[in-house]
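Quick notes on the structure that follows.
Nothing in this text is a laboratory measurement; each read-out follows from the coordinates by a stated rule. Nothing here was measured: the structure is a model prediction, and the numbers come from that model. So basically every Cβ, Gly included, is an ideal-geometry build from the backbone, and we count neighbours across all protein chains shown.
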Amino acid sequence: MTQPDGTWPPPEPGAAGARASDDQVRRWRQMLASERDAAELYARLARAEAGERRNILEELAAVERRHAAHWEAKLTAAGAAVPPAGAPSLRTRLLATAARAFSARAVLPMIERAERADAGMYDHEPDAAPGMAQDERGHARALARLAASRPGPREQISRREPWHRGDRSGALRAAVFGVSDGLVSNTSLVMGFAGSGAARTTVLLAGVAGLLAGSFSMAAGEYVSMTSQREMYQREISLEAAELAENPEEERAELALLYRAKGLPRADAERLAAQIMSDRKVALDTLAREELGLDPTALGSPWAAAIWSFLAFAAGALVVVLPYLAASGTVALLIAIGLAAAALLLVGGGIGALNGRPAIRSGLRQLLVGALAAAVTFGVGHLIGVSVS
C-alpha cells in the first residue's frame, strides 16, 4: 500500500534510524538510480505511443517509480542522503530519441533483452520489497507483448485470407526442394560420368546410385529436421501448459495485456482473457497461438515430409537416368540434356508460379543454375577421363 508521502511499501516498524552498512547504502543508491532511469525511459516511450499501448508504458513507468520510492525510503530510514534525480542516462536518451524518430516498437526488442537480462536482479536481494522481483520479470513479458502486439502484413493476410497460408505439414516444401535438388544434383552427377567417356552401364549405375543415395538422404534429413522441430514446439507448449496450471492468474494477466497491446480497452481485454481462461483447453490453445506463435494442431508431420521428399527427389533424379535405360553414347547424352533442360524450366516455372513470380523468369533462372552445375561437372569429368585414359 502506498503511503501518503509516496513511498512503497511502507518502511517496516522500527526501521527508522536503523543503521546500514556502507555497502548497503551504495547498493541502494545504485538500484535507486537504475529504477529512476527505467521510469524515465518508460515515460518517454509512452509519449511516443498512443491509446492502450501508451497506458501500458505509463503503468510500467509507475511501477519503476514505486520501486525507486522503496529505495528512497530505505536510505531515509537509515539516515543516508538520498541523491537528487539527475539527468537520464545516455542509453535512455538515445532510445527515447529513436522512439520519437521512428516508433517505440523499433526500440522495444532492445529494451526487452535488457529487461530479461536484469529480470533476476531482486531474486536474491534481501532488502527488496515483496513483489519487486515478480514486477521485474513481468516487465520483459509486457515488452514482448507490446513488440509483437500487431501482426505484420503476412500474418494479417493469412488470418483474413486462408488461401495465402503456407503448407503446414511441410510436405509441399519438402516436395518442391526435393524435386529441384534431385534434378540438379543427379543431372550434374550423370553429366560428370558422361563427360568422362564412361560406358553406358557405368553412367546408368552412377545415376541410379545418385538417385537412391540422394532420396534416402533427403528423406532422413527431412524426418530428423521435422521431428526435432515438432519436439521443440511440443516442449514449448508443455511448458506453457505447466505455467497455466501453476500460475493461472499470471497467465490471465499476460493474455489481457496482450489483447490490450493489440488495441482492446482494458475492460474488454480483461473480460476476454477471463472468458478464455475459463476453459483450460481453449486457454492453452490461445496462449500457444498468441504467446508462442504456434498452432498446436499443425506442427508438421515428419513422415509426410520424409515421404514427399524421397519421392520428389527420386522424380527429379530419374529424369536424366531414363535415356540411359534405352540408349547409349551421344544419343543418350543429348536426350538426357534435353529432358533435363525441359524439367529445369518446368520446375523453376512451377516454383515461380507458387511464389507469385513470373514463371518464365523463374524457369530460366532454374535452367541457368542447373546448366552451370552440369557444365562444370561435365568438364571436370571430361578432364579426368582424358587424363586417366
With a Förster radius of 25 Å, plug the Cβ-Cβ distance of Val380 and Val331 into 1/(1 + (r/R0)^6) and report the FRET value to the nearest 0.05. 0.65
A correct Karplus calculation of ³J(HN,Hα) over region 305-315, with 6.51 cos²θ - 1.76 cosθ + 1.60, θ = phi - 60°, whole Hz and x for Gly and Pro, returns 5, 5, 5, 5, 5, 4, 5, 5, 4, 4, 5
Give me the distance in nm between label points sitting 7 Å out from Cα along the Cα-to-Cβ direction at Arg361 and Met232, one decimal. 3.2
What number does region 171-388 give for Rg over Rh if you use C-alpha atoms and the Kirkwood radius? 1.25
Sort 75-83, 280-288 by packing, meaning the average of other beta carbons within 10 Å per residue, with the highest value first. 280-288, 75-83
Under the Karplus curve 6.51 cos²θ - 1.76 cosθ + 1.60, θ = phi - 60°, whole-Hz ³J(HN,Hα) for region 189-199, x wherever Gly or Pro sits: 5, 5, 5, x, 5, 5, x, 6, x, 5, 5
To the nearest 0.05, how large is the calculated FRET efficiency for Ala101 and Asn55 if R₀ is 30 Å and r is the Cβ-Cβ distance? 0.85
Output ordering of 126-136, 239-249, 62-72, 314-324 (per-residue mean of other Cβ within 10 Å, highest first) is 314-324, 62-72, 126-136, 239-249
